[in-house]
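Read-outs: derived from the displayed coordinates by stated rules, not from any lab. Since this is a predicted model, take the numbers as computed values, not measurements. With ideal geometry, Cβ positions are generated from the backbone for all residues, glycine too; neighbour counts draw on all protein chains shown.
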Amino acid sequence: MAAEISAIARLRIGVDGEGVTTLVVFMSCPLRCRYCLNPQTLSMSFPHKSYCAAELYDEVKKDNLYFLATGGGVTFGGGEPLLRADFINEFRAVCGSGWKICLETSLNVDKELLQSVMPSVDSFIVDVKDMNPEIYSSYTGADNSKVLANLEYIAEAGRASSCLVRVPLIPGFNTEDDVEAGVAALKALGYDNFERLTYKIDPHGKRKGNL
């Protein structure tokens, strides 16, 4: 099984999970966010490379000592990594249990994909955009019912503590009150690890990063 990957970023610290991490960026996403940070993942015409799990392992194992020494490993992002659940499970089988595997995900996928990958994943960084369905739809062009169902599933599985939930202030789409309402709703589900941030938008309406 192969997956299309747009980038592999090595030696990242403190931004993609614990310890030293390598970020692997998958192509393809179910959302069309107004301020997408990785729009290159939305078009297969953008330069990318196809890897099987063993090939990716050969590429990232050069940092094995860093991973083991710091409790780090590989973070899968995108795009939407849960669309590649089978690949992630294959990669876990190849790399073994010594590395941490983290997913940066919107959770906007069928629950079966999340269920299948749970045993392979140590932690999640969840970008919920906004918990309000109308705000979410306006910003992403999609419905957030799958997100809410998957958040409930993770909590019911006793894995809420393994999630960092990013709750952004998105200029032109939500307010600080909306952010706090989202945090309150997430706390009610059992989540307690949040990252509040503000999307940084340039004068041309492009997202440059986070504040």
Once both axes come from the Cα atoms, what is the angle between helix 176-189 and the longest principal axis of the chain, in degrees from 0 to 90, rounded to 10?
60 degrees
Of SER97, GLY190, GLY19, which is farthest towards the positive pole of the chain's charge dipole, taken about the Cα centre with +1 and -1 on the beta-carbons of Lys, Arg and Asp, Glu respectively?
GLY19
If each of GLU18 and ASP86 carries a label point 7 Å out from its Cα toward its Cβ, how far apart are those two points in nm?
3.1 nm
Starting from the Cα of LYS111, draw a straight line to each of the lysines and keep only those under 29 Å, dropping any in the same chain fewer than 8 residues away.
LYS49, LYS100, LYS129, LYS146, LYS187
Measuring from a point 7 Å past the Cα of LEU189 along Cα-to-C-beta, which residues in region 65-106 have an amide N at less than 13 Å?
105-106
Please arrange PHE46, PHE26 by how many other C-beta atoms lie within 10 Å of their C-beta, fewest to most.
PHE46, PHE26
Rounded to one decimal in nm, the spacing of the 7 Å Cα→Cβ label points at ASP58 and PHE46 is 2.6 nm
Would you mind getting me the FRET efficiency between THR70 and ASN210? Use the beta-carbon distance for r and R0 = 30 Å, nearest 0.05.
0.85
Taking the Cα centre of the chain as origin and charging only Cβ (+1 Lys, Arg; -1 Asp, Glu), how large is the dipole, in debye to the nearest 20?
560 debye
Helix-only mean residue ellipticity at 222 nm for the chain, each DSSP H run of n ≥ 4 adding -39500 (n - 2.57), per residue, nearest 500:
-9000 deg cm²/dmol
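Which trypsin sites (Lys or Arg not before Pro) in region 24-110 pass both tests, a DSSP loop state and at most 12 other beta-carbon atoms within 10 Å?
When the trypsin sites (Lys or Arg not before Pro) of region 24-110 are filtered for loop state and at most 12 Cβ neighbours within 10 Å, ARG32 remain.
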Whole Å is fine, so just give me how far the alpha carbon centre of region 77-119 lies from that of region 1-75.
12 Å
Can you give me the distance in nm between label points at ALA149 and LYS200, each placed 7 Å from the Cα along the Cα-to-Cβ direction?
3.7 nm
Are there chymotrypsin sites (Phe, Trp or Tyr not before Pro) in region 137-211 that DSSP marks as loop and that have at most 11 other Cβ atoms within 10 Å, and which are they?
none
Isotropic mean projected area of the C-alpha convex hull, region 117-200 (nm²)
5.5 nm²
Expressed as a rounded percentage, what relative contact order does the chain have, with Cα pairs under 8 Å and six or more residues apart?
18 percent
